[in-house]
Amino acid sequence: MTYQLYRNTTLGHTLQESLDELLRYDQITPQLACKVLLQFDKSINATLATKVKSRLTFKAGKLNTYRFCDNVWTFMLNDVEFREVQEITKIDKVKIVACDGKNVGEEGSSKK
Amino acid sequence: MAEPSQCKTMVPIIYQQIIEDVITKVKEEFLEEGIDEHVLQELKQIWQSKLAATNCVPNEPDKQSRAANSSEQVASSEPQQMEPTQSVAIASTSGTASGFAPDTKMVLVDITLPSQNGDQRVLKIKIPSTALQGNQLHNLLAGALNGPVFQAIISLPHTLATSIMQQYINGALLSQPTATSTKNPAQTDGAMSDSEIKTVFPNQKGQNKKIANKLNQVDGHGDSSSDDSTEGSDVDVQDEEMENKGSDEGSDEESLNSDDDDEDFEDHFDTDNIVVCQFEKVYRHRNKWRFQFKDGIMNLNGVDGVFHKASGHTEW
């Protein structure tokens, strides 16, 4: 399972802007731009799954909104504290978008 | 084991790996489409400089200056500062394609923004050399100065501002070449290599239409992933875009599937904090929630982070 949700990140946004620029100057076709994005999906999914080791915890003062749709959770959290070892990041508000992590690696599995 | 804040220190490494991976793996696709490899390298370069310009990547202090230098690919020998709005072509760089006729010579122009906070900013914009003739560019910029475009870009980061300005100019030029090119075709011939101005026209309609959502539509038409179709830059264009959407797609709001990133774009505007990840477990017991996420990318307080696992809890 390769998710497209990582396009909505700094890396994804900047790639899309870059492709847009090339498209605008007719240097690539929309189809090619599309292929690049699909490759981006694969690369980022794979890299995150294998190369990133950091663990963190967070607690939020309040769950403001939640939504579960199409197997995607969306949370709006308030007063959140992210912690990794001793480094703490505090923020007023965060939006978390999460696809189903269980689908990865067991495609077609009936296990939900 | 884990160093403090590995989730941040890993970001540049991870990002670079992803960029390399993408670029390497799409190479074949580019060749198949007969697109020169330098375009691929250009893509990489633009991507990296845009990324750097976001300042979201931690621990790369020198990035900003680099971004400023490389934000526009066009070779300019050395940017000269010119008086506001009046800009002068410097290194002319032919061959850079654009929405304009393929043979149109593109020239690089510096536009110095009126200083807002004391520091002047120079935007590098590519324009077709034809626009330098007559007062076209002058009029355009004079109009822009009073218009909302300047107001909007003046506070934006450099690359964004450049990009918007570029689009504005392109859009404006493309919507009015009829005037210049039909009025005095002989003159335009003079300055350009072997131009075929007429070839501009077939493009025009499409281009003009695209202007409204140029920034937004990043991955082609009707692509299934309208994922984040809106980027933080189109301040002015946004309204039009919304209208377009309304008329094109009726009132069909894409609120019920995973593509519903409209909110993200608002969040983005607010420079809100966002975490994109996968869930392993989401528990709820009464009003208590517990989460286990993995493979996340975050942007918190404007700084990116990545995590393998994140667990948390809250109450509703």
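Some notes on this structure:
- Filter result (open to solvent by less than 80 Å² (accessible area, probe 1.4 Å), more than 8 Å from chain A (Cβ to nearest Cβ) and closer than 17 Å to A:ASP20 by Cα) within segment B:27-40: B:LEU40
- Residue within segment A:55-71 that is touching a helix residue (DSSP H, G or I) at 6+ places or on another chain (Cβ under 8 Å) and within 19 Å of A:THR2 (Cα to Cα) present: no
- Residue pairs meeting the criteria (Cβ under 6 Å; at least 6 apart or on separate chains; first more than 7 Å from chain B (Cβ to nearest Cβ), in segment A:1-21; second of a type in the set (Lys, Arg)): A:THR2/A:LYS42
- Test: residue in segment A:9-26 that is within 30 Å of B:GLU42 (Cβ to Cβ), under 14 Å from the mean Cα position of the chain (by Cα) and in a loop (DSSP other than H, G, I, E, B): yes
- Residue count, segment A:31-48 (criterion: open to solvent by less than 40 Å² (accessible area, probe 1.4 Å) and facing chain B (nearest Cβ under 7 Å)): 11
- Per-region count, segment B:280-298, residues crowded, with 24+ Cβ neighbours inside 10 Å and not acidic (Asp, Glu): 5
- Taking the criterion of being farther than 17 Å from B:ALA310 by Cα and more than 22 Å from the chain's Cα centre (by Cα), the only residue of segment B:2-13 that qualifies is B:ILE13.
- Residues that are open to solvent by 10 Å² or more (accessible area, probe 1.4 Å) and more than 7 Å from every other protein chain (Cβ to nearest Cβ), drawn from segment A:67-95: A:ARG67, A:PHE68, A:ASN71, A:THR74, A:MET76, A:ASN78, A:ASP79, A:GLU81, A:ARG83, A:ILE88, A:LYS90, A:ASP92
- Cross-chain or 6+ apart pairs with Cβ under 6 Å, segment A:75-86 first and closer than 15 Å to B:PHE291 by Cβ, then part of a strand (DSSP E or B) and of a type in the set (D, E, K, R): A:MET76/A:LYS95; A:ASN78/A:LYS62; A:ASN78/A:LYS93; A:GLU81/A:LYS59; A:GLU81/A:LYS90
- Segment A:35-109 holds strands (runs of 3 or more DSSP E) entirely within its bounds, and those carrying 2 or more residues that are closer than 30 Å to B:VAL26 by Cα and within 16 Å of the chain's Cα centre (by Cα) map to A:87-100.
- Residues that are touching a residue at least 24 places away in the same chain (Cβ under 8 Å) and either in the same structural domain as B:MET298 (by TED's automatic domain parsing) or open to solvent by less than 30 Å² (accessible area, probe 1.4 Å) (or both) within segment B:6-22 comprise B:CYS7, B:VAL11, B:PRO12, B:ILE14, B:TYR15, B:ILE19, listed in sequence order.
The values are calculated or read from the model by the stated rules, or taken from the named source; none is laboratory data. Source: prediction; values computed, not measured. So basically every Cβ, Gly included, is an ideal-geometry build from the backbone, and we count neighbours across all protein chains shown. Calculation scope for accessible area: heavy atoms of the full protein, side chains included, ligands and nucleic acids excluded. Shrake-Rupley method; radii C 1.70, N 1.55, O 1.52, S 1.80 Å.
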